[in-house]
1. Quick test of your reading of the structure: ASP179 fulfils all but one of (1) open to solvent by less than 50 Å² (accessible area, probe 1.4 Å); (2) more than 17 Å from THR110 (Cα to Cα). Name the failing condition by number.
2. Can you find a residue that is farther than 13 Å from ALA78 by Cα, open to solvent by 30 Å² or more (accessible area, probe 1.4 Å), in contact (Cβ under 8 Å) with a residue 24 or more places away in the chain and in a loop (DSSP other than H, G, I, E, B) anywhere in the stretch 138-148?
3. Just one of the numbered conditions (1) more than 26 Å from ILE95 (Cβ to Cβ); (2) out of contact with any Gly (no Cβ under 8 Å at 6 or more places or on another chain) is not true of LEU162; which one?
4. Just for strands (runs of 3 or more DSSP E) wholly inside the stretch 12-104: which have at least 1 residues that are aromatic (Phe, Trp, Tyr)?
5. Please find, among ALA10, ALA32, ALA37, the residue that is hydrophobic (A, V, I, L, M, F, W, C), out of contact with any strand residue (DSSP E or B) (no Cβ under 6 Å at 6 or more places or on another chain), free of Cβ contacts under 8 Å to residues at least 12 places away in the same chain and open to solvent by 10 Å² or more (accessible area, probe 1.4 Å).
6. Quick check: is even one residue across the stretch 153-160 basic (Lys, Arg) and either assigned to a helix (DSSP H, G or I) or open to solvent by less than 60 Å² (accessible area, probe 1.4 Å) (or both)?
7. Is it fair to say ASP56 is of a type in the set (Asp, Glu) and touching a helix residue (DSSP H, G or I) at 6+ places or on another chain (Cβ under 8 Å)?
Amino acid sequence: MSAARPAPEAPQPLSPLVDAHTHLDACGAEDAATTSAIVDRAAAVGVGRVVTVADDLEAARFAVRAAHWDDRVYAAVAIHPTRANSLDDATRAEIEKLAADPRCVAVGETGLDLYWPGKLDGCAEPAEQEEGFRWHIDLAKRLGKPLMIHNREADADLLRVLHDEGAPEKVIFHCFSSDADMARRCVDAGYLLSFSGTVSFKNAKALREAAPLVPRELVLVETDAPFLTPHPFRGAPNESYCLPYTVRALAEVRGEDAGELAAATTANAERVYGLS
């Protein structure tokens with residue numbers, strides 16, 4: 001993402017849509033007014049509800065506050081795998097309290113990221129990430145809430161841990177970016193796969209081959225804003241209002257009508273997150 005690139009122009013409206021994974025705080029939301037302004041821009045193009053996701057403790061606090069400020073916003077809270085080395089007893093206790101809030105609809109984003117260890121200062125080591133992931137799995141099961149997974153270069157290890165621990169009833173692979181084999185394995189397990197702007201990238205060949213294999217009832221759509229802005233705005237700041245670009249790209253890859261796909265992914269989000 002480059003601050004030098006202007007924000008994308010608003011797409012043609014596509015409704016109904018739910019942004020299944022965004023980061024309102026990273027998009028500039030600081031209080032009730034700035035939160036509502038972002039959601040207003042999204043609603044103007046058909047994105048009526050958003051799930052704002054935490055990656056550290058302060059973001060988790062913000063996500064729950066934002067979900068109480070605006071009834072179009074829902075929260076997901078966890079400690080990101082790269083920060084799993086911060087999961088001390090006090091942090092676990094507060095994450096558990098925040099995750100139990102009625103406005104929190106998922107435990108996430110958690111999982112494994114095997115790309116950053118050794119490249120990012122302070123990044124949690126794989127063993128620390130796995131311990132944190134197992135704790136979040138248990139938390140999701142105890143609370144009866146979906147588990148939202150971050151996966152980077154960790155397909156086999158994620159499936160191994162989910163098998164070892166016993167997956168929660170509802171599992172979401174956020175920003176699914178793996179290949180057809182991984183898609184089939186997730187589908188066989190009944191996991192939902194959430195597609196972001198990466199599915200619009202022409203060089204994402206393996207992902208674009210995997211996307212049509214996922215049954216419509218297991219598809220979610222997301223921005224992961226402010227990151228992963230869809231083509232042709234790649235590198236510009238992303239926001240929930242950009243979601244229709246991704247949905248139209250996904251519909252094209254899958255050979256489906258964009259309006260029908262939007263309605264299906266919204267029904268899936270309502271079901272998995274328990275949205276009103």
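The values are calculated or read from the model by the stated rules, or taken from the named source; none is laboratory data. Because the structure is predicted, anything quoted here is derived from the model rather than measured. Don't worry about glycine lacking a Cβ; one is built from the backbone with ideal geometry, like all the others, and counts go over all protein chains shown. Side chains included, ligands, DNA and RNA excluded: accessible areas come from the protein's heavy atoms. Shrake-Rupley method; radii C 1.70, N 1.55, O 1.52, S 1.80 Å.
1. With (1) open to solvent by less than 50 Å² (accessible area, probe 1.4 Å); (2) more than 17 Å from THR110 (Cα to Cα) applied to ASP179, the lone miss is (1).
2. The answer is yes; a qualifying residue exists.
3. Condition (1) is where LEU162 drops out.
4. Values: elements: 17-22, 47-53, 73-77.
In the stretch 12-104, the matching strands (runs of 3 or more DSSP E) lie at 73-77.
5. Working: ALA10 fails: free of Cβ contacts under 8 Å to residues at least 12 places away in the same chain; ALA32 fails: free of Cβ contacts under 8 Å to residues at least 12 places away in the same chain.
Matching residue, one of ALA10, ALA32, ALA37: ALA37.
6. yes
7. Numbers: of a type in the set (Asp, Glu): yes; touching a helix residue (DSSP H, G or I) at 6+ places or on another chain (Cβ under 8 Å): yes.
Against the criterion (of a type in the set (Asp, Glu) and touching a helix residue (DSSP H, G or I) at 6+ places or on another chain (Cβ under 8 Å)), ASP56 qualifies.
The rows are residues; the columns are (1) open to solvent by 40 Å² or more (accessible area, probe 1.4 Å); (2) touching a strand residue (DSSP E or B) at 6+ places or on another chain (Cβ under 8 Å); (3) modelled with pLDDT of 95 or more.
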site: VAL50; (1), (2), (3): no, yes, yes
site: ALA66; (1), (2), (3): no, yes, yes
site: THR82; (1), (2), (3): no, yes, yes
site: THR91; (1), (2), (3): no, no, yes
site: GLU96; (1), (2), (3): yes, no, yes
site: GLN129; (1), (2), (3): no, yes, yes
